[in-house]
1. So, Gly62, is that one under 24 Å from Thr190 (Cβ atoms), within 18 Å of the chain's Cα centre (by Cα) and surrounded by fewer than 17 Cβ atoms within 10 Å (Cβ to Cβ) or not?
2. Which pairs turn up if I take residues in segment 85-103 that are closer than 25 Å to Ile191 by Cα and in contact (Cβ under 8 Å) with a residue 40 or more places away in the chain and look for partners that are part of a helix (DSSP H, G or I) and among the charged types (D, E, K, R) with beta carbon separation below 8 Å, at least 6 apart in sequence or on another chain?
3. Exactly one of these conditions fails for Gly162: (1) surrounded by fewer than 13 Cβ atoms within 10 Å (Cβ to Cβ); (2) touching a residue at least 12 places away in the same chain (Cβ under 8 Å); (3) part of a loop (DSSP other than H, G, I, E, B). Give me its number.
4. Condition check: of a type in the set (Val, Ile, Thr), crowded, with 16+ Cβ neighbours inside 10 Å, over 22 Å from Gly162 (Cβ atoms) and under 16 Å from the mean Cα position of the chain (by Cα). Does Val68 satisfy that?
5. Considering only residues that are touching a residue at least 12 places away in the same chain (Cβ under 8 Å) and not hydrophobic (A, V, I, L, M, F, W, C), which ones fall in segment 1-20?
6. With the structure loaded, tell me whether Gly75 is closer than 19 Å to Glu196 by Cα and either assigned to a loop (DSSP other than H, G, I, E, B) or touching a Leu at 6+ places or on another chain (Cβ under 6 Å) (or both) or whether it fails that test.
7. Search segment 187-226 for residues being more than 20 Å from the chain's Cα centre (by Cα) and of a type in the set (Ser, Thr, Tyr), and hand back the single one that is surrounded by the most Cβ atoms within 10 Å (Cβ to Cβ).
8. Could you please find all residues in segment 79-104 being surrounded by fewer than 22 Cβ atoms within 10 Å (Cβ to Cβ), polar (S, T, N, Q) and part of a loop (DSSP other than H, G, I, E, B)?
Amino acid sequence: MGLEFFDKARELTDKLERTQAENIHKAAQIVAEGIMNGGITQAFGSGHSYAAAIEVSGRAGGLISSKVIMDPAGGMYESVEGVGTLLTHRLQIKPNDVFFLISNSGRNPMGIELAKWIKDHGNKLIVVTALEASKKSTSRHSSGKLLYEFADVILDNCSEFGDAALNIDGLETKVCGTSSFSATLLLQQTIYEAIEIMIKNGYKPPVYQSANIDGGTEYNFKLEELYADRIFHI
């Protein structure tokens, strides 16, 4: 037996390298400028896309000046119009904050309403989505808009329509979604380049150490104090 998902992952990695490098560079510049000018990053993904949101917020090697926007219902109501708008009333947004919205289809009202709120405030928005699949989809929002249409930069995860990518003989449904894997590659490279840009500009980026390294927790606590009013606010 082969390792079929490994093969698919290599194929996808090559495609992301070929097609997404320029947009990664653009996204990294936006993130770096936002942080250097006093903003933070905020990331949102409903349902399984939450896995990508936590790739850029609150983890070792990532920016302390970041937070996840929590979906209280875990994706249960992402297709219900008005829920995203309601959620914005509990969120904090300030100039120079940079937002990541992650949605494979980009068709559900929750993400679309968050995107509109972000752009109405004039903030930068980076969207991670399956671009070609999204373009083939119909919006579930009354505006008829899809998430990618609000983006300053689109990071295309290059996943197939429906996300699952592998066939198994005897099963009519494909298996093994690729969007989480590809989103991780796109987002981690973006953060790496953003940190590199900050350093080249003489700005020391606040980066989490692992809490499993001796002294890591204490190191993180000191830096978290500098951003406590932002990253611990809902």
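1. Working: under 24 Å from Thr190 (Cβ atoms): yes; within 18 Å of the chain's Cα centre (by Cα): yes; surrounded by fewer than 17 Cβ atoms within 10 Å (Cβ to Cβ): no.
No, not satisfied.
2. Short answer, once both residue conditions are applied: Gln92/Arg230; Lys94/Arg230; Asn96/Glu33.
3. It fails just one condition, (1).
4. Working: of a type in the set (Val, Ile, Thr): yes; crowded, with 16+ Cβ neighbours inside 10 Å: yes; over 22 Å from Gly162 (Cβ atoms): yes; under 16 Å from the mean Cα position of the chain (by Cα): yes.
Considered against the rule, which asks whether it is of a type in the set (Val, Ile, Thr), crowded, with 16+ Cβ neighbours inside 10 Å, over 22 Å from Gly162 (Cβ atoms) and under 16 Å from the mean Cα position of the chain (by Cα), Val68 comes out as yes.
5. First, the residues of segment 1-20 that are touching a residue at least 12 places away in the same chain (Cβ under 8 Å): 4-5, 8-9, 12-13, 15-16, 19-20.
Answer for segment 1-20, where residues must be touching a residue at least 12 places away in the same chain (Cβ under 8 Å) and not hydrophobic (A, V, I, L, M, F, W, C): Glu4, Lys8, Thr13, Lys15, Thr19, Gln20.
6. It is false that Gly75 is closer than 19 Å to Glu196 by Cα and either assigned to a loop (DSSP other than H, G, I, E, B) or touching a Leu at 6+ places or on another chain (Cβ under 6 Å) (or both).
7. Tyr219
8. Ser79, Gln92, Asn96 - these are the residues of segment 79-104 that are surrounded by fewer than 22 Cβ atoms within 10 Å (Cβ to Cβ), polar (S, T, N, Q) and part of a loop (DSSP other than H, G, I, E, B).
A short reminder: the numbers here are calculations on the coordinates, not readings from a lab. Remember, it's a predicted structure, so these values are computed and weren't measured experimentally. Glycine also receives a Cβ, built like all others from the backbone with ideal geometry; neighbour counts cover every protein chain displayed.
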